[in-house]
1. Tell me, what ³J(HN,Hα) does each residue in the stretch 228-235 have, in order and in whole Hz, if you take phi through Karplus 6.51 cos²θ - 1.76 cosθ + 1.60 with θ = phi - 60° and put x for Gly and Pro?
2. Return the subset of LYS192/LYS234; LYS159/LYS180; LYS144/LYS233 for which the Cα-Cα distance in this structure is over 21 Å, preserving the input order.
3. For SER199, list long-range residues whose amide hydrogen, built 1.01 Å from N in the peptide plane, is under 5 Å from its own amide hydrogen.
4. Once amide H atoms are placed 1.01 Å from N in the peptide plane, what residues at a sequence separation of 5 or more from LYS146, or on another chain, have their amide H within under 5 Å of its amide H?
5. Enumerate the calculated ³J(HN,Hα) couplings along the stretch 173-188 in order (Karplus 6.51 cos²θ - 1.76 cosθ + 1.60, θ = phi - 60°), each rounded to whole Hz, writing x wherever the residue is Gly or Pro.
6. Quick check: with the 1.4 Å probe, what order do TYR201, TYR231, TYR157 take by accessible area, largest first?
7. Can you give me the solvent accessible area of HIS68 with a 1.4 Å probe, rounded to the nearest 10 Å²?
8. Normalising by the residue count of the stretch 60-249, find the relative contact order in percent from Cα pairs under 8 Å and 6+ residues apart.
Amino acid sequence: MKNKFLLLGIALASLTACKTASAPMLVNVKTQKNISINNELKNDEEFVKFIEPYKQKLDKEMNQKISHTNVDLTKQGDNSNLGNLLADYTFEGGNEWIKTHLKQNVDAALINIGGIRTTIGKGDILLKNVFEVMPFENEVVIVKMKGADLPGLFEYYAKTQVNNPVSHLYIETNNGQVIKTLINGKAVDPAKDYYIATSDYLALGGDNMKFFAKGESIATGIKMRDLFIDYFKKSPEVVANSEVRLNFIGKK
């Protein structure tokens, strides 16, 4: 919209605010022509000229190459290569943080497929691609849970059979029943404390992941998108991983 409309509105508001209260007055209201907001409206040339240097700087930054992939990175399927990759990045970033701050190790990672908004095509991976994949400001949270409380996580997957990506986890179900679960290739120890890297959204029960409420959430302050960008930069050539981590036998 034109800047003059904005200035006019501010001026009218200021005049109204300065007046003292007075008795209601009857006024004639005339029907005016509606102005559609569409591509036919001309650009404010002065404003466009003002923002152009900033736009050029932003475009240059967003179009910088940060990695490369020889295959399409997609979110389709129960074990998508993009889902597995971002779950692995979440695991690695969370593990690095907890080793430094708490002298512990992350045991597994879990993210939601709905948080991955699009795919990355074969070829150069640009900075803007990561912003398109992860447009949200979610942060990495590590949830400390007792092994005895993890069946709630496994049952969630058995019930929903949704392809929410995992790392260092194996969940196998048959017709909606949990039949095999592993963390780091080992059976769950009910007495052990497990540290699971995830997002603040899921740790708070997003996507109905209420099982996290039984754990203790540990904030890292790490933006998930920043973490993904860092790990893409560390990997000049992305190696897609489509290993089976979620095995929904008899899935409808």
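1. 4, 4, 4, 6, 5, 5, 6, 10
2. Numbers: LYS192/LYS234 33 Å; LYS159/LYS180 14 Å; LYS144/LYS233 29 Å.
Where the Cα-Cα span goes over 21 Å, the pairs concerned are LYS192/LYS234; LYS144/LYS233.
3. So SER199 has HN proximity to VAL141.
4. Residues meeting the amide H criterion: TYR194.
5. 10, 9, 6, x, 10, 5, 10, 7, 9, 9, 10, 6, x, 10, 5, 6
6. On the way: TYR201 100, TYR231 25, TYR157 0 Å².
If we order TYR201, TYR231, TYR157 from most to least accessible, we get TYR201, TYR231, TYR157.
7. Around 40 Å² of this residue is reachable by solvent.
8. Numbers: 405 pairs, mean separation 65.7, N = 190.
Answer for the stretch 60-249 is 35 percent.
The values are calculated or read from the model by the stated rules, or taken from the named source; none is laboratory data. The structure displayed is predicted, hence computed values, not measured ones. Just so you know, the surface numbers come from the protein's heavy atoms only, side chains and all, with ligands and any DNA or RNA stripped out. Shrake-Rupley method; radii C 1.70, N 1.55, O 1.52, S 1.80 Å.
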